[in-house]
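One structure is given here, and the rest of the page talks about it.
The values are calculated or read from the model by the stated rules, or taken from the named source; none is laboratory data. Predicted model, so just to flag it, every value in this text is computed and none were measured. A quick note on method: Cβ atoms are made from the backbone with ideal geometry, for glycine too, and the neighbour counts reach across all protein chains shown.
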Amino acid sequence: MKPNRFKLPFRKRSGSMMMPLFGSFIAVLLLAIVIGSILYWKAKTVVEHTVDNTNAAMLEQLREVADGRLKEIEQLEQQIAFHPRLGWLFNHEGSYTDQDAYSIIEFTNDLQRFKNLSKLIHDFYIYDMNNRLIIGPNVKSTPEIVFDLVYRFAGKTSADWVTELKKPALRSYEPAASVRMDNGSTKPFIVYRQSLPFGDSASIKGSLFVMIDEGQFRSLFDKLASVNRGEIYILDQQNRVISSTAGTRSGISLSYRNMANDYGKLEEIKDGQSQIVTYTTSAVNGWKYVYVVPQAVFLDQVYAVKRWAILLLSLCALGGGAASLYLAYRNYIPVRDVVRIIRKWSGSEQETGLGEFELIRSTIESARLTESQLRGMLAQQAPILRVNFLTRLIRGYVQPTELEPDSLAFVGISFISSSFAVILIDASDISGFAQDGGEREWPFVGFILSNIAGELAGEHHLGFPVELDRGRVAVLINLRTERLSMAKAEMQEMAEKMTALLQSRFHIKLSVGISGVVKDPEGIGEAFRDALKQLDERIVFERRNERDRYTEASTEESYFYYPLEVEQQLVNLVKAGEDDKVDKLLVALYDDNFTTNSISPELGRYLLVTATSTLLRIVQSYPDLKSTMAERVALIERAAVSDSTYAAFEELKQSYRTICRNLKEKRSDTNELMQNGIKQYIEANYGENMLSVNSIADHFNLTPQYISAVYKKSSGQNLTDYVAEVRIREAKKLLTHQAMTIAQVAAKVGYANDIGFIRFFKKYEGITPGAYRSSLQTDK
């Protein structure tokens, strides 16, 4: 019956839905055509805008790099213009003595050092008009030798150059010209001239002549020109082509006057084809850097989008109809399955009278109410969680990760300093408060002790009271730094006030133990043991005064100190692998029983047996350590038999150390495996925008606080710093590819936009990505 009951309504639904679905399909198809047309127009606009911006940005980067290289030429000019020997050279008349010749040699040696100021400088010379002398790096010659034998410019002789060098020139550049050198090879050079002395055009005595390697200069923008199959031209203010990737200016018909602004974009027609001209102006010498790209190059992307849009639209028209019909039959199945699950979960398979969507809605609302109830229950449990945490913290059972600010905030605790102390308060006698001394009175006693202790502790410091046992309250005191020197006296005053107040108002007698001050939250457990010891001694002292029937000697003989709190703390420290703290605790236990106080030999042996049994109970949870522990127990027994208590305790400490180290090694292996797994995950997902400590913790099913603490402890590095290190490393690799924009590099390393990436890169590297890329080009 079930299949028939299901098929009939489903067939009825599909039949009634066919016409609306077919009409909806036609409407969606028409809408797709309209949206596709708009999308094509928008894609064309976006591509053109993006390419224009990219070309402008790349051209601007080229301009910055080229201007930086040209400034190196100006630095050479300044080094030479202000050289002390230049004035001597220009003012010298007559023949040269041996001393003068030596001075010229020193001058040429100095010029050799300046030759390395820029990779663009092939060679440079100083022309002395008075003596018709050419001075260069390690060179002293004449114009005839330099310009007729060493460097032969097409169409220019040495006489032409002498005439040219006598003319005034202010940082003048000549377009690239082919030069035949003395070795027979031909190479293009850009000539830079500057009249000397610098700044005195009225009395020119010489000229600086610099040969700029046009091949080196052109290599700065060859890659940019090849990206979009374009050409780059550099025009000076006389509309001359200083250099170009095309070799001639046949690829551009625009003149310097057409490009009136500092930067911009123009269009021109050449051979019937549209060309996009992007230009910018040099801040050094006013040159125009012109980038000419055929419009068809980047419109190829638009045409590709158009072809794909038409193809996809056709596929949608053909397959959309069939898919729509198929999905129409399938659309009810998920709803049906969800409704069945809800009804099964609610325990009723019968019809409820509600529609499917109404049933789902009511179920979701019910789930939201349940969530609110759970949140309310969690809020009610918050005080219990706080008490549990404070109890473990005071006893020294918490892990370092639980002391992180986020973990403390979860339980509603915030510390004001790293200095702590513990005060233990024990209600030794409540007969004056509760005549019958019944169990129902003890909760009131604990409530009174906690509230009064908290108020008194808050007068000068921050206090966290918590009831440990029946009639025993511990107060964790977080000491204010500015009152640290008075802390001991203030805690003693607090104890006296509380004792007097409880005695006078509630007739409750108290015993109070006050610990010393510890400088680290991890030392709170030691402060608790200190306070416990002080409390035990106080209780013994008070009972001795009350009874006054035991002598001091008999008291010393019956002394035995190994409370349950100390044993539990010892167990926790061993399981945590804290061998140093275990060693200190055992030394303190030995000193309390054998050095400070005098324990009897019988109780001393019992103490050894009890401490050994504690260790054996720990080992029961780790079967692979039983064989190691059996050997250690045998050594303890032999030392005890020999009546050497100190030796037996030393063997006991060594046994505890052995177990601690074994457990620590196991934990270290686990942490190392986790560290390697975290690193592999980051290496594989550094490009994800959502990569964070929370996402990594979710991947490993751990809390963010725990995974951060484990990674920091095993590697010595913060997890966020390692993520940044990987992203910086990969970004540097990508920045070596000149074709990639900063935004593309940012997306590759997990940043949604280049603004955030630039801030991140500058924070860790001190420079922006663009400056780093420019430094790579400079180093080449």
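Screening Tyr96 against (1) of a type in the set (Ser, Thr, Tyr); (2) outside any helix (DSSP H, G or I); (3) closer than 30 Å to Lys288 by Cβ leaves a single unmet condition, (3). Could you tell me whether any residue of region 259-271 is within 18 Å of Arg63 (Cα to Cα), at pLDDT below 85, touching a strand residue (DSSP E or B) at 6+ places or on another chain (Cβ under 7 Å) and hydroxyl-bearing (Ser, Thr, Tyr)? The answer is no, given that none of the residues of region 259-271 is within 18 Å of Arg63 (Cα to Cα), at pLDDT below 85, touching a strand residue (DSSP E or B) at 6+ places or on another chain (Cβ under 7 Å) and hydroxyl-bearing (Ser, Thr, Tyr). If you filter region 68-91 down to residues that are assigned to a helix (DSSP H, G or I) and aromatic (Phe, Trp, Tyr), you find that the one that is nearest to Tyr125 (Cα to Cα) is Phe90. Among the residues of this structure, Ser243 counts as one that is of a type in the set (Ser, Thr, Tyr) and touching a helix residue (DSSP H, G or I) at 6+ places or on another chain (Cβ under 7 Å).
Report yes if some residue within region 762-776 is surrounded by 17 or more Cβ atoms within 10 Å (Cβ to Cβ) and among the basic types (Lys, Arg); otherwise report no. Scanning region 762-776, I find at least one residue that is surrounded by 17 or more Cβ atoms within 10 Å (Cβ to Cβ) and among the basic types (Lys, Arg), so the answer is yes.
Residue by residue, here is whether (1) in a helix (DSSP H, G or I); (2) on the phi < 0 side of the Ramachandran plot; (3) modelled with pLDDT of 85 or more holds:
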{"residue": "Leu673", "(1), (2), (3)": "yes, yes, no"}
{"residue": "Ser695", "(1), (2), (3)": "yes, yes, yes"}
{"residue": "Ala731", "(1), (2), (3)": "yes, yes, yes"}
{"residue": "Met740", "(1), (2), (3)": "no, yes, yes"}
{"residue": "Ala752", "(1), (2), (3)": "no, yes, no"}
{"residue": "Ile758", "(1), (2), (3)": "yes, yes, yes"}
{"residue": "Thr778", "(1), (2), (3)": "yes, yes, no"}
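Specify the residue that is surrounded by the fewest Cβ atoms within 10 Å (Cβ to Cβ); the eligible residues are those in region 226-248 that are among the hydroxyl-bearing types (Ser, Thr, Tyr) and within 48 Å of the chain's Cα centre (by Cα). Step by step, filter region 226-248, then rank; the result is Ser226. Please verify whether Lys140 is basic (Lys, Arg) and under 20 Å from Leu76 (Cα atoms), treating the condition exactly as stated. For Lys140, the condition - basic (Lys, Arg) and under 20 Å from Leu76 (Cα atoms) - is met. Listed by first and then second residue, the pairs linking a residue in region 705-717 that is over 16 Å from Lys664 (Cβ atoms) to a residue that is outside any helix (DSSP H, G or I), with Cβ atoms under 7 Å apart and 6 or more places separating them unless they lie on different chains, are Gln705/Glu404; Ile707/Phe700; Lys712/Asn718. Of all residues in region 681-700, none satisfies being surrounded by fewer than 13 Cβ atoms within 10 Å (Cβ to Cβ) and over 24 Å from Tyr764 (Cβ atoms).
Being in the same structural domain as Ile190 (by TED's automatic domain parsing) and surrounded by fewer than 16 Cβ atoms within 10 Å (Cβ to Cβ): is that true of Tyr125 here? In short, no. Taking the numbered list (1) without any contact (Cβ under 8 Å) to a residue 12 or more places away in the chain; (2) within 16 Å of Asp52 (Cβ to Cβ) in turn, Tyr279 passes all entries but (1).
Flag set for Pro168, criterion: closer than 19 Å to Gln78 by Cβ and either surrounded by 15 or more Cβ atoms within 10 Å (Cβ to Cβ) or modelled with pLDDT of 85 or more (or both). Of the residues making up region 195-217, those that are among the hydroxyl-bearing types (Ser, Thr, Tyr) and either at pLDDT 85 or above or outside the structural domain of Asp128 (by TED's automatic domain parsing) (or both) are Ser195, Ser207.
Scanning region 464-492 for residues that are of a type outside the set (A, V, I, L, M, F, W, C), over 17 Å from Glu526 (Cα atoms), surrounded by fewer than 21 Cβ atoms within 10 Å (Cβ to Cβ) and under 42 Å from the mean Cα position of the chain (by Cα) returns Arg480, Thr481, Glu482, Arg483, Ser485. When Ala56, Ala81, Ala43 are checked against the criterion of being in contact (Cβ under 8 Å) with a residue 12 or more places away in the chain and touching a Ser or Thr at 6+ places or on another chain (Cβ under 7 Å), a single residue qualifies: Ala56. Restricting to region 251-269, what's the tally of residues that are free of Cβ contacts under 8 Å to residues at least 60 places away in the same chain and either closer than 20 Å to Leu224 by Cβ or among the small types (Gly, Ala, Ser) (or both)? Residues that pass the stated criteria total 12. Against the test of being outside the structural domain of Gln705 (by TED's automatic domain parsing), modelled with pLDDT of 75 or more and out of contact with any Cys (no Cβ under 9 Å at 6 or more places or on another chain), the options Leu359, Leu385, Leu325, Leu354 yield a single qualifying residue, Leu385.
Which condition from (1) closer than 23 Å to Tyr291 by Cα; (2) surrounded by 20 or more Cβ atoms within 10 Å (Cβ to Cβ) is the one that Gly206 breaks? Checking Gly206 against (1) closer than 23 Å to Tyr291 by Cα; (2) surrounded by 20 or more Cβ atoms within 10 Å (Cβ to Cβ), the one that fails is (1).
Checked across region 732-749, the condition of being farther than 26 Å from Phe221 by Cα, in contact with a helix residue (DSSP H, G or I) (Cβ under 7 Å, 6 or more places away or on another chain) and buried (at least 18 other Cβ atoms within 10 Å of the Cβ) holds for at least one residue. Screening Ala495 on (1) surrounded by 13 or more Cβ atoms within 10 Å (Cβ to Cβ); (2) under 44 Å from the mean Cα position of the chain (by Cα); (3) touching a residue at least 24 places away in the same chain (Cβ under 8 Å) shows it passes everything except condition (2).
Looking at Arg470, is it of a type in the set (Lys, Arg) and over 19 Å from Ile394 (Cα atoms)? Considered against the rule, which asks whether it is of a type in the set (Lys, Arg) and over 19 Å from Ile394 (Cα atoms), Arg470 comes out as no.
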